[in-house]
Amino acid sequence: MKIITLVFALLLLTGCSTQYPNKDITGQTFPTVVGQTLEKKPLTIPTDLTGDFTLLLIGYVQNSQFDIDRWLIALDVTETRVSVYEVPTIQGLFPQMFSTFIDNGMRAGIPKPLWKGVVTIYDDGEQIQALTGNENAANTRVVLLNNKGEILYFYDQGFAVNALNEIRSILAAQS
């Protein structure tokens, strides 16, 4: 009986999501969205971002974490100096109803010192997914913003060294 309940819950959680085609959003302004860090502090993107540049690693499904981790490791190893936020973005009513459960699961798997850099988006999740597209949902959406919220770079093909180098080039040229 527990398995049937779990399967039904998963169908409800995933079956109500809207599919949006992927698209390049470079040059657009990132929409104002509100989320909460794993420290339970509200954060409005891009308004509350204080650096000259911010890199958002947006994930739509749990499997995005593998891709996000590769990006984080590569940014660290290459000593890329940019503010980075992991942005789990979930659309739909059912995920919102289970947000405490979902966030607690993330807290259990992410070291506490990193919680301030993980911002979960629920209410505005559909807005972000409509902006970037959500095909191939396991691929992280990589969005480089300037301090005006303009999207300087967008990539949604998984981790790639050439994409990392393009971000590093943009940051170097803007410094």
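The values are calculated or read from the model by the stated rules, or taken from the named source; none is laboratory data. Remember, it's a predicted structure, so these values are computed and weren't measured experimentally. Cβ coordinates were reconstructed from backbone atoms using ideal geometry, including for glycine residues, and neighbour counts include every protein chain displayed.
Go through region 66-100 residue by residue and tally those that are over 12 Å from Thr140 (Cβ atoms), at pLDDT below 90 and touching a Ser or Thr at 6+ places or on another chain (Cβ under 6 Å).
Qualifying residue count for the region: 2.
Out of curiosity, is Asp103 closer than 20 Å to Thr29 by Cα and modelled with pLDDT under 95?
The answer is no for Asp103.
Restricting to region 119-156, name every residue that is surrounded by fewer than 16 Cβ atoms within 10 Å (Cβ to Cβ) and small (Gly, Ala, Ser).
Result: Ala130, Ala138.
Please list, ordered by first then second residue, the pairs with beta carbon atoms under 6 Å, 6 or more apart or interchain, first in region 50-61 and among the hydrophobic types (A, V, I, L, M, F, W, C), second at pLDDT below 90.
As it stands, the answer is Ile58/Thr89, since those pairs meet every condition given.
Which of the residues belonging to region 45-72 are in a strand (DSSP E or B) and either under 17 Å from Thr32 (Cα atoms) or of a type in the set (Ser, Thr, Tyr) (or both)?
Within region 45-72, Ile45, Phe53, Thr54, Leu55, Leu56, Leu57, Ile58 qualify.
Would you please name the residue that is nearest to the chain's Cα centre (by Cα), looking only at residues in region 50-82 that are buried (at least 18 other Cβ atoms within 10 Å of the Cβ) and within 14 Å of Ile121 (Cβ to Cβ)?
Ile58
What are the residues in region 73-83 that are touching a helix residue (DSSP H, G or I) at 6+ places or on another chain (Cβ under 9 Å) and either within 20 Å of Gln36 (Cβ to Cβ) or among the aliphatic types (A, V, I, L, M) (or both), if any?
Those that are touching a helix residue (DSSP H, G or I) at 6+ places or on another chain (Cβ under 9 Å) and either within 20 Å of Gln36 (Cβ to Cβ) or among the aliphatic types (A, V, I, L, M) (or both): Ala74, Leu75, Val82, Ser83.
Could you go through region 121-132 and let me know if any residue there is touching an Asp or Glu at 6+ places or on another chain (Cβ under 8 Å) and modelled with pLDDT of 95 or more.
Yes, region 121-132 contains a residue that is touching an Asp or Glu at 6+ places or on another chain (Cβ under 8 Å) and modelled with pLDDT of 95 or more.
Quick one: is Ile110 among the hydrophobic types (A, V, I, L, M, F, W, C), touching a strand residue (DSSP E or B) at 6+ places or on another chain (Cβ under 8 Å) and at pLDDT below 95?
Considered against the rule, which asks whether it is among the hydrophobic types (A, V, I, L, M, F, W, C), touching a strand residue (DSSP E or B) at 6+ places or on another chain (Cβ under 8 Å) and at pLDDT below 95, Ile110 comes out as yes.
Please list, ordered by first then second residue, the pairs with beta carbon atoms under 6 Å, 6 or more apart or interchain, first in region 153-165 and touching a residue at least 60 places away in the same chain (Cβ under 8 Å), second of a type in the set (Ser, Thr, Tyr) and exposed (fewer than 14 other Cβ atoms within 10 Å of the Cβ).
Hits for this filter: Phe154/Thr26.
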